[in-house]
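The next block holds one structure in the form of structure tokens; read it before the comments.
The values are calculated or read from the model by the stated rules, or taken from the named source; none is laboratory data. Values in this document were obtained by computation on a predicted structure and should not be read as measured data. Neighbour counts run over all protein chains shown; Cβ positions are idealised from the backbone, glycine included. Only protein heavy atoms, including side chains, enter the accessible area calculation; ligands, DNA and RNA are left aside. Shrake-Rupley method; radii C 1.70, N 1.55, O 1.52, S 1.80 Å.
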Amino acid sequence: MHELAITQSVVDAVVERVDGAKVRSLTLEIGTLSGVVPDSVRFCFDLVTAGTELEGATLVIVEPPGTGDCRTCGLRFTMEDVFPLCPCGSADVKITDGQQLKITSVEVR
Ligand SMILES: [Zn+2]
């Protein structure tokens with residue numbers, strides 16, 4: 001289950017930065033094309049944060065939709081899944097958003 005490893009590395013990164021302060025909430029951006037399942041991250045979060053500065057913290061997950069720029073017709077469109085296909089039929093698409101997994105804010109007590 002790769003969400004466990006991902007959640008662990010996010011929590012490790014936060015623990016390193018807060019320098020012993022208790023974390024009240026953590027906001028993550030998980031793009032819809034990132035391949036990471038937000039519900040799995042939520043599930044893992046409680047396990048991984050037990051006994052750390054993040055124990056009991058609120059986890060907020062924002063899910064930016066995937067967007068792509070078509071190199072054939074120039075259209076920018078919303079991507080529903082990881083296979084880039086422009087409405088014009090071209091698969092020559094540059095993915096411009098939705099693949100990120102990042103920490104956007106950490107609120108300490
Ligand atoms: Zn196109």
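Summary table
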item: Among beta bridges that DSSP assigns inside region 6-109, antiparallel share in %, nearest 5; result: 75 percent
item: Degrees, to the nearest 10: 38-49 long Cα axis against longest axis of the chain; result: 20 degrees
item: Volume of the Cα convex hull of region 56-97, divided per residue and given in Å³; result: 67 Å³
item: Inverse mean reciprocal Cα-Cα distance (Kirkwood Rh) of the chain, Å; result: 15.1 Å
item: For region 16-56 and region 66-106, distance of Cα centres in Å; result: 26 Å
item: Net length gained if the chain between ARG24 and ARG76 were fully extended (0.36 nm per residue, minus Cα distance); result: 15.0 nm
item: Förster radius 22 Å - calculated FRET efficiency between THR52 and LEU101 (Cβ-Cβ, nearest 0.05); result: 0.70
item: Accessible solvent surface per residue of the chain, calculated while the other protein chains remain in place, 1.4 angstrom probe, Å²; result: 58 Å²
item: Amide N of region 43-64 lying under 11 Å from the label point, which is placed 7 angstrom from the Cα of VAL15 along Cα→Cβ; result: 48-55
item: Amide H contacts of GLY98 (H built 1.01 Å from N, under 5 Å, at least 5 apart or other chain); result: THR67
item: Sequence of ILE61, ILE103, ILE30 when ordered by accessible area, the most exposed leading, probe 1.4 angstrom; result: ILE103, ILE61, ILE30
